[in-house]
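See structure below.
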Amino acid sequence: MTTSITPIDALCVADYQRLAKDVLPHDIYEYIFGGGGDEITLKHNRTALDAIQLWPRVLNDVTHGTTMTSILGEFWRSPIMLAPVAFQCMAHEEGEIATARAASALEIGMIVSTLASHTVESISEKLTSPKWFQLYWQLDRDFNVELVRRAEKSGYSALVVTVDSAIHGIRNRAQRANFVLPDGITAVNLINRPPLPSNAFTPDQSIIFQGMMSEAPTWKDIAWLIKQTSLPVLIKGILHPADAIKAKSIGAKGVVVSNHGGRTLDCVPSAIDVLPVIRQSVGGEFTVLMDGGVQRGTDVFKAVALGANAVLIGRPQVYALAVAGAAGVAHMLRILREELEVAMSLAGTATIEDIKVSPAYTNIVSSGCVTYL
């Protein structure tokens, strides 16, 4: 769909959500916006971030300031990356191609979804910034390897395996809106996937436990996958420190602390709630990313202070894409980066490494109340 709203109509990231509601078909907007169940986790992703305060220092010289950082050996212009979001052609006719152009223009990395509406190869051609590939585990092991090989050949530099959504959560909002995937939009990267075996259920069996979950990966599957590629592998969907420790022990190079944007299991903690304890559990050198509810530069600041190397941006990229295509995504990313620069300047932190929590107040931070610098 082609839109006429210009980026100047948006002054902050949240404005794109408001504008997108007037642009997108109702069912598609409800599908993108909605969370799981009663959307308790979806709401808490924002309220948890809002509850954290900053304690700035003044009169520091920040004229040498920069948002630059390095993650897994790659240069990043800022600790911000676009999260994997499926079927972006629902929001705009160019879909992920437009998003990739915007990411490249702003030097922001992008994680391309298995369920992208363009091929991993065609998206890669438009990406000059860091590009990672997100894998949804497929039942056929050989097909997983085939997807990984395509990503390797196309120049993707890391693999992100999503593990928290083996089945869809209960998404009542999308159900009430009668959402269905529009005609012509499909998971093009899965076209040659081998057919799934047909399962016959006995009366005492569950379509969930014995059916859908029979296709879900286990730790053994992920450990096997890590051995199939030279790419660094990150595991996305970690909320418990024991799982972060397990991911590190089997050879993962990082984790993404995430509740899938509140879209799968409802009533779980926000990522920012558990980020500090996960960072503590894996040590300071292990790569830890975070997503969920990030809409402001101050949100990025808070996540970095509490242990994230970087944050991922999910829904806002789709809202901006729907409103103004590549220009909208680029504008949204510029807003976020400039807000981070303002926050760093006014807090007296010239570099990403300067953003931290004072050890004297760790007990307060662990309760999710205040971030002290």
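No lab work stands behind these numbers, since they all come straight from the coordinates. Everything quoted here is computed from the prediction, not taken from an experiment. Neighbour counts run over all protein chains shown; Cβ positions are idealised from the backbone, glycine included.
Starting with the highest mean, order 67-77, 99-109, 229-239, 342-352 by the number of other Cβ atoms within 10 Å, averaged over the residues of each peptide.
99-109, 229-239, 342-352, 67-77
Rounded, prolate or oblate: which one fits segment 41-92, using the alpha carbon gyration tensor with axes a ≥ b ≥ c (rounded when a/c is under 1.5, else prolate when a/b beats b/c, else oblate)?
oblate
Under the definition of Cα pairs under 8 Å and six or more residues apart, what whole-number percent is the relative contact order of the chain?
29 percent
With runs of 4+ DSSP H residues as the only contributors, calculate the mean residue ellipticity of the chain at 222 nm using -39,500 (n - 2.57) per run, divided by the residue total and rounded to the nearest 500.
Per the formula, -11500 deg cm²/dmol.
Taking all pairs of distinct Cα atoms, average 1/r, flip it, and tell me the Kirkwood hydrodynamic radius of segment 1-118 in Å to one decimal place.
17.4 Å
Round to a whole angstrom and tell me the spacing of the C-alpha centers of segment 9-56 and segment 295-357.
15 Å
Can you run the Rg to Rh ratio on segment 134-266? Use alpha carbon positions and the Kirkwood inverse-distance Rh.
Reported Rg/Rh, Kirkwood definition of Rh: 0.98.
For the chain, what does the convex hull of the Cα positions come to per residue, in cubic angstrom?
It comes to 141 Å³ per residue, whole-number rounded.
Once amide H atoms are built 1.01 Å from N in the peptide plane, which residues 5 or more positions from VAL160, or in another chain, come under 5 Å H to H?
Distant-sequence amide H within range of VAL160: PHE133, GLN134, LEU135, LEU234.
Output the antiparallel fraction of DSSP beta bridges having both residues in the chain, as a percent to the nearest 5.
Once the DSSP bridges in the chain are tallied, antiparallel ones form about 10 percent.
Report, in order of residue number, the helices in the chain meeting two criteria: a C-alpha extent of 27 Å or more along the helix axis, and a mean Kyte-Doolittle hydropathy of at least -1.0; treat each whole DSSP H run as one helix.
315-347
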